[in-house]
Amino acid sequence: MIRKVYAVYFSPAGSTGAVTSYISERIARDLGVPCEAIDFTLPGARTQKYDFTKEDLVVLGTPTYAGRIPNKALPFVQELFEGNGALGISLVTYGNRNFDSSLTELVEEMGRNGFRIFAAGAWICRHVFSDKIAAGRPDAEDHKKMDAFAEEAVRRIEGGLCSGCGTEEAQWKPPVIRGGEPVAPYYVPKGEDGLPAKFLKAKPLTDAAKCTNCGICAGVCPMGSISAENYSEVPGICIKCQACVVKCPEKAKYFDDAAFLSHVRMLEKNFTARNEPECYWS
């Protein structure tokens, strides 16, 4: 019997957290159990480990970066959460290009951590690089599909899945994503010319005329990389998550790296056609 649902997520720009929470809360409501959020986006939330039980359902969500779980978030997924036979649902979000291997990778990592994954889904959200790609996603149609996904999860749980149906964790068969394609190398971003766009070292800049020194940008950086003394300085690593750009109330943060902007234009040219969510079951 499931006694609690956990919505667990890494969500710098907020979309992954919103999707994970929506689905988790819908499942918890229909099961009549509480739902607790574990947001491990910021450094301060990654100082403890979490152990779950067979009476828990853990819905874990991450965004897709370059076709995979964000490489800087992967160690947190691997090290912070111990399933101990808890039921699990793997969720990824992506900005309409492709989720590539991210969902397969998340299902596999959660399985290694002792979760019994019985459902997985990839959901489209507005691309954090551009408001021209998947604008307004997830929209009303997406939420209908989230509702249907949650309803099916509840149906399976109430049908006896939560007791394992006699299947031990070692024999558990998780969902097969896209025919069982193996986890591929990270996607290489391309520019308008079709060649690799190298912007690994790009960092956000600050428009001094707009900045009010509120400090929000430093507070929302998942890597803790923006200086708390001078918000225009980024001495640490930047994962291009756009949290500082999206959450700055004055729109004072921006990127002007030529390779990065060329990649954005390439995405805007080639990946605006509507993609639909994909859902998988064990």
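Read-outs: derived from the displayed coordinates by stated rules, not from any lab. These numbers come from a predicted model, not from an experiment. Every residue, glycine among them, receives a Cβ derived from its backbone with ideal geometry; neighbour counts consider all protein chains shown.
Pairs to check: LYS210/LYS251; LYS72/LYS190; LYS198/LYS240; LYS201/LYS240; LYS210/LYS247. Give those whose C-alpha atoms are more than 18 Å from each other in this structure. Going by Cα-Cα distance, LYS72/LYS190 fall outside the 18 Å limit.
Distance between the C-alpha centers of region 222-282 and region 48-97? Whole Å please. Between the Cα centre of region 222-282 and that of region 48-97, the gap is 21 Å. Cross-link reach is defined here as a Cα-Cα straight distance under 26 Å, omitting same-chain residues fewer than 8 places apart; for LYS144 the lysines meeting it are LYS4, LYS132. Both the radius of gyration and Dmax for region 118-164 are 14.6, 45 Å, in that order, over alpha-carbon atoms.
With Rh defined as the Kirkwood radius, the inverse of the mean 1/r over Cα pairs, the Rg/Rh of region 205-256 is 0.89. So which lysines pass the test for LYS173, namely a Cα distance under 19 Å, with those fewer than 8 places away in the same chain ruled out? Candidates past the 8-residue exclusion: LYS54.
Across region 205-256, the mean sequence separation of Cα contacts (distance under 8 Å, 6 or more residues apart), normalised by length, yields a relative contact order of 45 percent.
The Rg/Rh ratio of the chain, with Rg taken over Cα atoms and Rh as the Kirkwood radius over Cα pairs, comes to 0.98. Couplings 3J(HN,Hα) of region 38-44, computed from phi: 10, 9, 9, 5, 8, x, x Hz, in residue order, whole Hz [Karplus 6.51 cos²θ - 1.76 cosθ + 1.60, θ = phi - 60°; x for Gly and Pro].
Averaging 1/r across all pairs of distinct Cα atoms in region 20-171 and inverting the result yields a Kirkwood radius of 16.1 Å.
Our summary gives the chain a relative contact order of 20 percent, counting only alpha carbon pairs under 8 angstrom and 6 or more residues apart.
Each Lys and Arg Cβ is given +1 and each Asp and Glu Cβ -1; about its Cα centre, the chain then shows a dipole of about 440 debye. Here is the list for region 7-55: GluC sites (Glu not before Pro) lying in DSSP coil, each with at most 14 other C-beta atoms within 10 angstrom of its C-beta, are GLU55. Please give the FRET efficiency for VAL33 paired with TYR186, using the beta carbon to beta carbon distance and R0 = 25 Å, rounded to the nearest 0.05. Taking R0 as 25 Å, the efficiency between VAL33 and TYR186 is 0.10.
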